[in-house]
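Single-structure report; data block below.
The values are calculated or read from the model by the stated rules, or taken from the named source; none is laboratory data. Because the structure is predicted, anything quoted here is derived from the model rather than measured. Neighbour counts are summed over all protein chains in view; Cβ atoms, including those assigned to glycine, are modelled from backbone coordinates with ideal geometry. Each accessible area value is taken on the protein alone, full model and side chains, heavy atoms only, with ligands, DNA and RNA left out. Shrake-Rupley method; radii C 1.70, N 1.55, O 1.52, S 1.80 Å.
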Amino acid sequence: MTVPPTMRALRQTSSHGPRDLVVHEVPVPEPRPGEVLVRVGAAGVNVADLQQAYGTFGGGPQPPYVAGIEAAGEVVRVGEGVTTVAPGAHVVGACIAGGAFADYAVLPAAGALPVPAGWTDEQAVGLVVNWPTAIAALGPLGGLRAGQTVLVHAAAGATGQAAVTLARHRGATVVGAASADKHAVVRERGADHVVDARADDLAADVLRATGGVGVDLVLESVGGPTLPASLAVTRRVTGRVVVLGMAGGPGSISTWDLVYRHQVQVVGLNIGVLAQAAPHVFGEVLQEMAELLAAGVIAPGAPTTHALTDGPKALAELEARATVGKLALLP
Ligand SMILES: NC(=O)c1ccc[n+]([C@@H]2O[C@H](COP(=O)([O-])OP(=O)(O)OC[C@H]3O[C@@H](n4cnc5c(N)ncnc54)[C@H](OP(=O)(O)O)[C@@H]3O)[C@@H](O)[C@H]2O)c1
């Protein structure tokens, strides 16, 4: 397979956000032991890319670096010791150090999943970030059972839509919070109630939707602007708040809050750390994902696509809350 010596890549040149994400001609990387080189068919765009661009992603790369965490594509070279995948296979994977927003990208072979048979690369983005996160948040960390109620923030987003779909599949009642112009999508995914994420009193709206009872579980992905409402609507003692993101900025909760005000279970989730630190839990997550794929609950994705060179625009739209569902860059 012929691989050129250089390629186009989006390099983040500062910590001032996606406006400093610039197209460069750079050498095609070599896969190291345990890695594969893919010709990128589609790169997934995530809120984590924004956080890396502003330097707020814990342990993220320092500029200048080739941006992009998630890629699907054809394997063109394998590093030493890689036996699980061969050139010609299509895989989807993630590399937290970046490199996906390019014509070619290196991925760890251990975390690369085969693109499901009959799917395109584009349809597979989201399988290594959004879906495992939703499965982990609702299942091993959130403990959602049939008949319980869950509040999903950013419910029209990539991770949110996966969570709404899965929560309904698990027989839960779903309250989805999203900007008003995105409510139709959240209902299409099966949410029982939809509330306006920008409402003045989000907690009152969620309580109204749940007959004053509140929810058993919150998937908290917005942070500062919504954490107080999330804590207020969670059932005392048995209720769980899984904190998986802070698209709106960081929030905080004190020991005083937990003892005297919000007697709830607060759990942190970072899917990359979960895969490393609790491989048995991650194995359960991947097993459930395989079952959901086989059952058709996880269908081929339909991301909104942009040319690779329009990456800064796609990230700016994500930052402006102007997007619905998954975004992908096509080299
Ligand atoms: N912990 C993990 O391992 C993990 C993995 C994947 C994703 N996540 C988290 O899951 C969340 C969703 O990520 P995603 O990539 O799927 O993005 P996304 O949900 O497709 O897009 C982000 C959405 O968040 C909502 N939002 C609310 N306040 C916002 C603000 N101030 N700025 C930007 N967006 C705001 C917006 O929806 P509305 O306009 O409808 O409010 C926006 O469309 C993020 O917090 C991300 O960090 C975490």
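Key figures
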| quantity | calculated |
| --- | --- |
| Per residue, the convex hull volume that the Cα atoms of the range 205-331 enclose (Å³) | 170 |
| Given charges at Cβ of Lys, Arg, Asp, Glu: the range 154-279 dipole, positive-most of Gly239, Gly249, Val175 | Gly239 |
| Net dipole in debye of the chain [+1 Lys, Arg Cβ; -1 Asp, Glu Cβ; about Cα centre; nearest 20] | 520 |
| Total charge dipole magnitude, the range 50-209, about the Cα centre, Cβ charges on Lys, Arg, Asp, Glu only, Debye to nearest 20 | 440 |
| From phi via Karplus (6.51, -1.76, 1.60), per-residue ³J(HN,Hα) for the range 228-234 in Hz, x at Gly/Pro | x, 5, 4, 5, 5, 9, 7 |
| Added length on full extension, which subtracts the Cα-Cα distance from 0.36 nm per residue, Ala277 to Thr120 | 53.4 nm |
| Cα-based equivalent ellipsoid, the range 130-273: semi-axes from gyration tensor eigenvalues, Å | 20, 17, 15 |
| Share of carbon and sulfur in the accessible heavy-atom surface of the range 130-273 [1.4 Å probe, %] | 53 |
| Zone of Arg8's modelled label, taken as backbone nitrogen in the range 294-331 under 16 Å from a point 7 Å along Cα→Cβ | 305-315, 328-331 |
| Sequence-distant residues sharing a close amide H with Gly157 (under 5 Å, placed H) | Gly325 |
| Hydrodynamic radius of the range 83-187 per Kirkwood, over alpha carbon pairs, in Å | 15.5 |
| Per residue, in Å², the accessible surface of the chain once ligands and nucleic acids are set aside, probe 1.4 Å | 43 |
| Radius 11 Å from Cβ of Gly325, net charge of other residues (Lys, Arg +1; Asp, Glu -1) | +2 |
| J(HN,Hα) series, the range 242-247, from Karplus relation 6.51 cos²θ - 1.76 cosθ + 1.60, nearest Hz, glycine and proline x | 8, 8, 10, x, 8, 4 |
| Rounded Å value of the spacing that divides the Cα centres of the range 307-331 and the range 87-108 | 18 |
| Positive minus negative residues near Met1 (Lys, Arg vs Asp, Glu; Cβ under 13 Å) | +1 |
| Net charge contributed by nearby residues that have their C-beta within less than 12 Å of Pro114 (K/R +1, D/E -1) | -2 |
| Highest-first arrangement of 237-244, 42-49, 284-291, where packing means the average Cβ count within 10 Å | 42-49, 237-244, 284-291 |
| Kirkwood hydrodynamic radius of the chain, Cα pairs, Å | 20.2 |
